[in-house]
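Undergrad: Please find one structure pasted underneath; my questions will follow.
The values are calculated or read from the model by the stated rules, or taken from the named source; none is laboratory data. What you are looking at is a predicted structure, and each value in this text was computed from that prediction instead of being measured. Note that each Cβ is placed from the backbone with ideal geometry, even for glycine, and that neighbours are counted across all protein chains shown.
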Amino acid sequence: MAKDFKTLVRMRKWALDEKRRELGEMLSVLENLFGEKKALEQAVINEQKVAAENPGMIGFAYAGFASAVVAERAALEERIAEQESKIDAFRDEVADAFKAMKTAEIAERNRVEAERAEEDRKEQEELDEIGMRSATRDDGLI
């Protein structure tokens, strides 16, 4: 039985570590999406500078670029919102895994304490028995 609790604790820790790793990967994806958004914003600034410098040549091409950027920005915002939603839901799973691990650890600790208390009780009974025998010998009853 003791081995079962230790195995359970180890399995719960492993499951929690896996959930944390997955959450880290999800956060990395979100960070990459924010990086894409920042790069897109920088591309818009660069194109605006070029369009301002050459209004006659590039002015008409900028309109197509701007509409493409608007569509890409909307798509990125949607992907970011979706990823944030997934992360929020997954954080609940991580919290559940942490709770399960802690429950197993507490059960293991309680089992160890109960074993220790039982051993202490048996040892005290033996010491009481020895004390009683010694006392009866000293009284000359035996």
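Undergrad: Can you spot a residue in the range 78-88 that is under 30 Å from Leu40 (Cβ atoms), in a helix (DSSP H, G or I), among the β-branched types (Val, Ile, Thr) and out of contact with any strand residue (DSSP E or B) (no Cβ under 8 Å at 6 or more places or on another chain)? Can you show your working first?
TA: Just the residues of the range 78-88 that are under 30 Å from Leu40 (Cβ atoms), to begin with: 78-88.
From the residues that got through so far, the ones that are in a helix (DSSP H, G or I) too are 78-88.
Pick out the ones that are also among the β-branched types (Val, Ile, Thr) and you get 80, 87.
Narrowing the set further to residues that are out of contact with any strand residue (DSSP E or B) (no Cβ under 8 Å at 6 or more places or on another chain) leaves 80, 87.
Scanning the range 78-88, I find at least one residue that is under 30 Å from Leu40 (Cβ atoms), in a helix (DSSP H, G or I), among the β-branched types (Val, Ile, Thr) and out of contact with any strand residue (DSSP E or B) (no Cβ under 8 Å at 6 or more places or on another chain), so the answer is yes.
Undergrad: Could you grab me the full set of residues in the range 88-102 that are exposed (fewer than 15 other Cβ atoms within 10 Å of the Cβ) and in contact (Cβ under 8 Å) with a residue 12 or more places away in the chain? Lay out the reasoning, then the answer.
TA: In the first step, residues of the range 88-102 are kept if they are exposed (fewer than 15 other Cβ atoms within 10 Å of the Cβ); the result is 88-89, 91-93, 95-96, 99, 102.
Hits for the range 88-102 are Arg91, Glu93.
Table: residues versus (1) exposed (fewer than 15 other Cβ atoms within 10 Å of the Cβ); (2) at pLDDT below 95; (3) closer than 23 Å to Glu31 by Cβ.
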{"residue": "Asn54", "(1), (2), (3)": "yes, yes, no"}
{"residue": "Ala63", "(1), (2), (3)": "yes, yes, no"}
{"residue": "Ser67", "(1), (2), (3)": "yes, yes, no"}
{"residue": "Leu76", "(1), (2), (3)": "no, no, yes"}
{"residue": "Arg79", "(1), (2), (3)": "no, no, yes"}
{"residue": "Ala104", "(1), (2), (3)": "no, yes, no"}
{"residue": "Arg109", "(1), (2), (3)": "yes, yes, no"}
{"residue": "Ala114", "(1), (2), (3)": "yes, yes, no"}
{"residue": "Glu119", "(1), (2), (3)": "yes, yes, no"}
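Undergrad: Now for a separate question. Might you check whether a residue that is closer than 25 Å to Arg20 by Cα, in a helix (DSSP H, G or I) and of a type in the set (Val, Ile, Thr) occurs anywhere in the range 58-76?
TA: No - not one qualifying residue is present in the range 58-76.
Undergrad: Can you name the number of the only condition in (1) under 16 Å from the mean Cα position of the chain (by Cα); (2) within 22 Å of Lys38 (Cβ to Cβ) that Ala89 fails?
TA: The failed condition is (2).
Undergrad: If you don't mind, another one. Which members of the range 1-38 meet the condition of being exposed (fewer than 11 other Cβ atoms within 10 Å of the Cβ), assigned to a helix (DSSP H, G or I) and hydrophobic (A, V, I, L, M, F, W, C)?
TA: The one that is exposed (fewer than 11 other Cβ atoms within 10 Å of the Cβ), assigned to a helix (DSSP H, G or I) and hydrophobic (A, V, I, L, M, F, W, C): Ala2.
Undergrad: Over 38 Å from the mean Cα position of the chain (by Cα) and charged (D, E, K, R): is that true of Glu53 in this structure?
TA: For Glu53, the condition - over 38 Å from the mean Cα position of the chain (by Cα) and charged (D, E, K, R) - is met.
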